[in-house]
Each structure stands twice: as C-alpha cells, then as structure tokens.
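Here is the structure we will look at.
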Amino acid sequence: MLYLMRHGRTDWNVRHKLQGRTDIPLNEEGRQMARAAHDEYLNTHFDICYCSPLIRAAETAEILLEGRDVPIVKDDRLMEMCFGDYEGIEHSFKIPDCPINVLFKDPVSYTESIGGAETFEELNARTLSFLEELVYPKIKDGKDVLIVGHGAMNCSLISNVKNLPREEFWSWGLDQCKLMELM
C-alpha cells in the first residue's frame with residue numbers, strides 16, 4: 001500500500017502565506033494534529049516512511065510514528081514546490097492580478113516559471129523519479145509505504161500515480177495530518 005499525509009499546521013498556514021521551500025516549523029496546533037494522527041493511525045501498518053526534509057514534514061512524521069519501529073527517510077525530491085519570489089506572500093488570492101495565482105486557479109495555463117517558481121514539469125519530474133526509483137519497487141515487494149509531505153508536492157505524486165490531466169492537479173488535495181490510501 002502507498003499512503004500519503006500532508007504535514008500539520010504552521011503559523012504561515014494560519015496566515016495564508018505561501019510556504020514553498022521556506023522551512024517553517026509546525027506550530028502547537030500542528031503538533032497536536034500530528035499527535036491526534038498518531039493515535040488515529042496507530043493500527044495502520046507502515047514498513048517505511050519517506051518524508052520531505054523540511055522541518056514541518058519531518059516533525060509531523062516523527063510525531064506520527066513515535067514509539068513505532070518505522071524508519072523515516074528524508075528525500076529532497078519530496079520538498080514542497082518552490083514558489084520563488086512569491087514565497088512568504090500573504091493572501092495572494094486577495095491581490096488582484098497576482099501572477100502566481102495562475103498556478104492555483106488555472107494550472108493548465110501555468111506553463112513557465114513565474115518569479116523563479118518551479119514549473120509543474122519540474123515538480124512532476126522529481127516526484128515521478130522518486131516514485132519509480134523508491135516507491136514502486138517497495139510496493140511491488142508488498143511493502144506499506146508512507147510519504148509525509150506538502151500540498152502541491154502530494155498533488156504531484158497523486159497526479160503521477162493516477163495519470164491525471166493538468167486541469168485536475170489540485171482536485172485530490174489532502175487535509176493536514178489526514179491519511180490517504182493512494183494505491
């Protein structure tokens with residue numbers, strides 16, 4: 001089985017700031033979310049956990065798997081999508097004509113980098129290589145794999161696994177600290 005989880009809440013989530021690769025820690029609410037997930041998913045079997053090296057994902061994985069003998073392996077390919085110059089922007093949807101909003105509102109039209117932000121092609125290439133090199137072989141061997149990551153990065157994994165068209169990129173978003181069984 002392949003399971004996905006999005007990290008717990010951060011102060012930037014609360015403020016509706018684009019985090020991207022900015023390394024923001026969980027806030028206390030995010031830690032409580034991870035502790036609740038620990039209890040909720042205690043009986044779900046995982047052989048290995050892969051996670052983003054960003055602290056909000058790594059801390060979520062550590063709290064979720066506390067007391068369990070599940071190795072946690074960090075991989076840079078699981079970092080959140082880079083939003084370039086727009087990382088740290090607050091309430092981008094409230095800013096008329098904010099260029100980065102096309103990424104979220106019309107992903108089909110987001111075909112080249114805006115302000116140094118990562119493209120969908122770059123994001124999908126790195127998550128697909130991760131799936132092909134590490135995850136698919138483990139699934140084939142009957143292992144249960146957990147990935148703890150981020151909103152856009154998880155959507156990319158889902159898009160790759162389900163072979164979704166670009167217009168459906170955001171359609172399978174995950175709530176924070178909720179488990180999705182993907183395959």
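Looking at the stretch 82-183, the trypsin sites (Lys or Arg not before Pro) that sit in a DSSP loop and have at most 14 other Cβ atoms within 10 Å of their own Cβ are Lys178. State the label only: which of (1) 9.6; (2) 13.6; (3) 10.8 corresponds to mean projected area of the Cα convex hull in nm² computed from the shown model? Among (1) 9.6; (2) 13.6; (3) 10.8, the one derived from this structure is (1).
Determine the relative contact order of the stretch 2-181: mean sequence separation of Cα pairs under 8 Å and six or more apart, normalised by residue count, in whole percent.
Reported relative contact order: 35 percent.
Taking a virtual spin label 7 Å from the Cα of Val108 along the C-beta vector, which residues in the stretch 155-183 bring their backbone nitrogen under 17 Å of it? 164-172, by backbone N distance to the label point.
Distance between the modelled labels on His16 and Ile55, one decimal in nanometres: 2.6 nm (7 Å Cα→Cβ projection). Quick one: grab the alpha carbon gyration tensor of the stretch 118-183, order the square roots of its eigenvalues as a ≥ b ≥ c, and give me rounded if a/c is under 1.5, else prolate or oblate depending on whether a/b is larger than b/c. Because a/c hits 1.5 or more and a/b fails to exceed b/c, the stretch 118-183 counts as oblate. Over 24 Å apart at the Cα level, from the set Lys74/Lys94; Lys143/Lys178; Lys140/Lys162; Lys105/Lys138, are Lys74/Lys94; Lys105/Lys138. In this structure the amide hydrogen of Arg6, modeled in the peptide plane, comes within under 5 Å of the amide hydrogens of Gly149, Cys177, Lys178, none closer than 5 places in sequence on its chain. Straightening the chain between Thr44 and Gln32 buys 2.4 nm, computed as 0.36 nm per residue apart minus the Cα-Cα spacing.
Given R₀ = 25 Å, what would the calculated FRET efficiency be for Ala125 paired with Lys74, taking r from the Cβ atoms and rounding to 0.05? Efficiency for this residue pair is about 0.80. Of interest is the spacing of the C-alpha centroids, which for the stretch 104-183 and the stretch 71-103 amounts to 14 Å.
Extending 7 Å from the Cα toward the beta-carbon at both Asp85 and Glu62 defines two label points whose distance is 3.6 nm.
Of all beta bridges DSSP finds with both residues in the chain, what is the antiparallel percent, to the nearest 5? Just about 30 percent of them are antiparallel.
Read-outs throughout are calculated quantities, based only on the coordinates presented, and are distinct from any laboratory measurement. These numbers were taken from a predicted model, which means no experiment stands behind them. Using ideal geometry, Cβ is built from the backbone for each residue, glycine included, and neighbour counts are taken over all protein chains shown.
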